[in-house]
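First the structure, in the form of structure tokens, and then the observations on it.
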Amino acid sequence: MKSIYLIGFMGSGKTSIAIRLQEKLNLKLQDTDQMIEANYQMEIPTIFAEKGEETFREYESSVLKQTEQEDTIVATGGGIIEREENRLWLQNKRNVFFLETTWEEISQRLIGDQSRPIWNNQSRDKQQLLEQRLPKYQEVATYIIKTDGKSVEQIADQIISKLDA
Ligand code: S3P
């Protein structure tokens with residue numbers, strides 16, 4: 001089976017849905033944030049603080065292309081669609097699922113989150129960032145799955161039903 005890519009903003013549930021899909025479909029799991037941390041031996045907040053966002057985006061583009069093309073669920077970072085080269089690369093994939101979550105739900109889910117440098121950057125307007133990114137997610141998505149009010153189980157089942165179609 002061709003690999004499944006999950007894209008969407010921070011807090012849209014990519015990681016937990018990827019884990020559930022992995023269990024249900026018995027596939028491998030890759031997470032671009034974890035690949036970056038493993039490849040470059042640095043945690044993401046440290047990369048942002050010491051090397052800056054541009055370097056993070058270079059690392060991200062590089063690991064995206066190292067993801068496996070068969071039998072793998074790939075959870076991506078929320079900004080994966082920022083670079084055109086990544087959008088073009090994803091547009092060639094068959095199973096790209098955009099987990100579409102509203103600002104209202106995202107901001108509730110990420111209350112108190114300390115782990116994401118962009119979320120924690122007080123000078124960034126995150127709601128505006130979501131609006132700017134929306135067309136980019138849509139541009140590369142094969143399928144759009146609305147996640148508000150749905151459980152991880154429901155979303156995983158919806159994704160699986162598209163695969164079977
Ligand atoms: C980012 C999202 C994060 C991570 C990094 C940058 C973004 O991943 O890649 O902090 O630009 O939206 P999650 O979407 O898994 O939080």
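The values are calculated or read from the model by the stated rules, or taken from the named source; none is laboratory data. All figures in this text were calculated on a predicted structure; none of them were measured in a lab. Cβ atoms come from the backbone with ideal geometry, glycine included; neighbour counts cover every protein chain shown. All accessible areas refer to the heavy atoms of the entire protein, side chains included, with ligands and DNA or RNA removed. Shrake-Rupley method; radii C 1.70, N 1.55, O 1.52, S 1.80 Å.
Given the criteria of a type in the set (S, T, N, Q) and in a loop (DSSP other than H, G, I, E, B), does residue 115 qualify?
yes
Here is a check on your reading of the model: is residue 12 away from the ligand (no atom under 11 Å from the Cβ) and among the small types (Gly, Ala, Ser)?
no
Suppose the filter is modelled with pLDDT of 95 or more, open to solvent by less than 30 Å² (accessible area, probe 1.4 Å), closer than 24 Å to residue 117 by Cα and within 10 Å of the ligand (Cβ to nearest atom); does residue 17 pass it?
no
Please verify whether residue 123 is within 12 Å of the ligand (Cβ to nearest atom) and either surrounded by 17 or more Cβ atoms within 10 Å (Cβ to Cβ) or in a loop (DSSP other than H, G, I, E, B) (or both), treating the condition exactly as stated.
So residue 123 does not fit the description; no.
Is it the case that region 29-37 has a residue that's open to solvent by less than 50 Å² (accessible area, probe 1.4 Å), touching a residue at least 60 places away in the same chain (Cβ under 8 Å) and within 13 Å of the ligand (Cβ to nearest atom)?
no
State all residues of region 68-108 that are over 13 Å from the mean Cα position of the chain (by Cα) and open to solvent by less than 10 Å² (accessible area, probe 1.4 Å); if no residue qualifies, say none.
Those that are over 13 Å from the mean Cα position of the chain (by Cα) and open to solvent by less than 10 Å² (accessible area, probe 1.4 Å): 72, 106.
Please verify whether residue 113 is within 14 Å of the ligand (Cβ to nearest atom), in contact (Cβ under 8 Å) with a residue 40 or more places away in the chain and exposed (fewer than 14 other Cβ atoms within 10 Å of the Cβ), treating the condition exactly as stated.
Yes, satisfied.
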